[in-house]
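The values are calculated or read from the model by the stated rules, or taken from the named source; none is laboratory data. Since the model is a prediction, treat every value here as computed from it, not as a measurement. FYI the Cβ positions are ideal-geometry reconstructions off the backbone, even for glycines, and counts take in every protein chain you see.
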Protein chains: 2
Amino acid sequence: MNLKYAIVGTGAIGGYYGGRLANSDKDVHFLFNTEYEHVNQNGLRVDSVKGDFVINPINAYHSTADMPKCDVVLVGLKSTQNHLLPQILPPLLKPDTLVVLIQNGLGLEGKLAAALPNQPIAGAAAFICSSRVGQGHIRHADYGALNIGTYQGDNQNIITQIKNDFERAGVPFTIASDLNEMRWRKLVWNIPYNGLTVALNTSTDKLMSTPSTRALVTDLMNEVVDAASVCDAIIEREFVDKMLAMTDRMTPYSPSMKLDFDNHRPMEIEAIYTNPVKTALTAGYHMRKTEMLEQELRFIASRH
Amino acid sequence: MNLKYAIVGTGAIGGYYGGRLANSDKDVHFLFNTEYEHVNQNGLRVDSVKGDFVINPINAYHSTADMPKCDVVLVGLKSTQNHLLPQILPPLLKPDTLVVLIQNGLGLEGKLAAALPNQPIAGAAAFICSSRVGQGHIRHADYGALNIGTYQGDNQNIITQIKNDFERAGVPFTIASDLNEMRWRKLVWNIPYNGLTVALNTSTDKLMSTPSTRALVTDLMNEVVDAASVCDAIIEREFVDKMLAMTDRMTPYSPSMKLDFDNHRPMEIEAIYTNPVKTALTAGYHMRKTEMLEQELRFIASRH
């Protein structure tokens, strides 16, 4: 059986991964908002370090009401828009449709499950440098792996099919045995770099080359590892060194929150900061520096 | 006996307090740096909410080598220049000359005592809104009390005389029984407001009116109270509410560190952040949010 895919939120993430699938002849249906007219005319353009391509013609839609029911819904929206999902998703859903949140942060699958208690749900983390650079135009600068983990429902078979589809489309794809641990591991990178590049209006390389912020990045990473350990996600301490070394090797980079901030879009403070801090506190650990970064970001957001 | 005063560092603090003493006919000798020529011609001008005045003629000097030995040396330099004191002070000192550091932060008297092990030393905290607005020109906007505490030597008599002189000059003056506690109490205000107005490029009123930073200010204050308690300085918890309420009543205000930052002068990170964090850590308490603010400020300073 060939899977039918819906892409909800065709931006830096949804546009890249949906584009890869469509480019390998999968049956992919894309939801666009303001870019709908432009993409319908000109297609979806992906400039990628792994080879440029354009999807044209494209199955583009302006509303999920016009879309077919699908087997897999890949959600690439910013998590700040997740309150819209219970309204947007239903036209796409069969009882066994798997909804995959390709998003950053903690607690997002649980919130969706509360609204869709019988729907198969998974979470995915994208290890990618990509950004939307114009109407229907994505630039993929580096990396690109997807890591998926199930949240609700018996999703083993369909996740295996998805893995096959992505691997044939040229996307490195791994299946996590524990979504909670996968989310916490991603936070080890996201919590320091997303917030500090905004709070200090800088980029990853400058944070790393200044001793005081290199120490602060390390402190925040260790705080996430400590928090994870009280939240049933055991992350080995060496993972911190691995993330530091990886970032040292990266080209100077603006994380997604910095791009959101610079482009006057809402920042994902709730998913990346508030939810982890609350979850850890409930489990008995106070993420003090992470909480301070959240407090600073909320101030910055309120004045932006 | 009439006390002879030297003012070392005639800026917002030294200029105001030295000016007040000179304006009540005390024998005051002022050290100026770049402003010397201007002040020698035009005098020292203080625009004060308690009444404007000009000291002209004025005992102005460009080097302590030209100054008379004094009974009291009031140091109004920024603490970032304290490494110069062992070089600047000796011409002013008799064996019983009291050196008073009217400065913010922790550990400054101890460092001076290491260089001048037999010299009487005291510390003072100024509760004042004043700033240097031009050459030899100080603006005093609000408050004005001085609080002094002895550090080294038997200074009870001379401190009583100084208190009399200041009170006659119209300066509210109190004697602290415990300099260490006085320094920590001042930090309850200085640690949140100095650093956060720089890190978030804002003013006290905006920090107070935004819920997330009001919470952060409160967290930092409580952290200082906790740190003080392990450093032999017991501060009642209600002091935090008192400082918050006082700041709510203040006019929107840029603390001294924000003024330093805006005017491209060095910030007093060492005295206000590094020394308290280190002192508390040695005593067994980790000031995590204060340490994070220090780390952010050092990054900001390195890129300014």
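Values computed for the structure shown
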| item | result |
| --- | --- |
| Helices (runs of 4 or more DSSP H) contained entirely in region A:202-289, each with at least 1 residues that are over 21 Å from B:Lys289 (Cα atoms) and not assigned by TED's automatic domain parsing to the domain that holds A:Lys111 | A:204-209, A:211-230, A:238-249, A:256-262 |
| Close pairs (6 angstrom Cβ cut-off, 6 or more residues apart or separate chains): surrounded by 12 or more Cβ atoms within 10 Å (Cβ to Cβ) in region B:84-95, of a type in the set (Val, Ile, Thr) and at pLDDT 95 or above anywhere | B:Ile88/B:Thr64; B:Pro91/B:Thr64; B:Leu92/B:Thr64; B:Leu92/B:Val73 |
| Qualifying positions in region A:240-292 - over 20 Å from the mean Cα position of the chain (by Cα) and within 12 Å of chain B (Cβ to nearest Cβ) | A:His286, A:Met287, A:Arg288, A:Lys289, A:Glu291, A:Met292 |
| Inter-residue pairs, beta-carbon under 8 Å, first on the phi > 0 side of the Ramachandran plot and in region A:128-157, second among the aromatic types (Phe, Trp, Tyr) and buried (at least 16 other Cβ atoms within 10 Å of the Cβ), 6+ apart | A:Gly136/A:Phe32; A:Gly144/A:Tyr16 |
| Residues within region B:158-181 that are outside any helix (DSSP H, G or I) and in contact (Cβ under 8 Å) with a residue 60 or more places away in the chain, tallied | 3 |
| Filter result (surrounded by 18 or more Cβ atoms within 10 Å (Cβ to Cβ) and away from every other protein chain (no Cβ under 11 Å)) within region B:209-222 | B:Met221 |
| Qualifying residue in region A:182-204 (condition: over 23 Å from A:His286 (Cβ atoms), surrounded by fewer than 16 Cβ atoms within 10 Å (Cβ to Cβ), out of contact with any helix residue (DSSP H, G or I) (no Cβ under 7 Å at 6 or more places or on another chain) and within 13 Å of chain B (Cβ to nearest Cβ)) | yes |
| Single residue of B:Asn56, B:Asn118 found to be surrounded by fewer than 19 Cβ atoms within 10 Å (Cβ to Cβ) and out of contact with any Pro (no Cβ under 8 Å at 6 or more places or on another chain) | B:Asn56 |
| Hey, A:Ile234 within 14 Å of another protein chain (Cβ to nearest Cβ) and over 15 Å from A:Val217 (Cα atoms) or not | no |
| Whichever residue in region A:293-303 is out of contact with any Asp or Glu (no Cβ under 9 Å at 6 or more places or on another chain) and free of Cβ contacts under 8 Å to residues at least 12 places away in the same chain and, among such residues, is farthest from the other protein chains (Cβ to nearest Cβ) | A:Arg303 |
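One line per residue, one yes/no per condition, for (1) within 18 Å of the chain's Cα centre (by Cα); (2) under 16 Å from B:Val46 (Cα atoms); (3) buried (at least 19 other Cβ atoms within 10 Å of the Cβ):
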| position | (1), (2), (3) |
| --- | --- |
| B:His140 | yes, yes, yes |
| B:Tyr143 | yes, yes, no |
| B:Asp154 | no, no, no |
| B:Ile158 | no, no, yes |
| B:Ile162 | yes, no, yes |
| B:Arg168 | no, no, no |
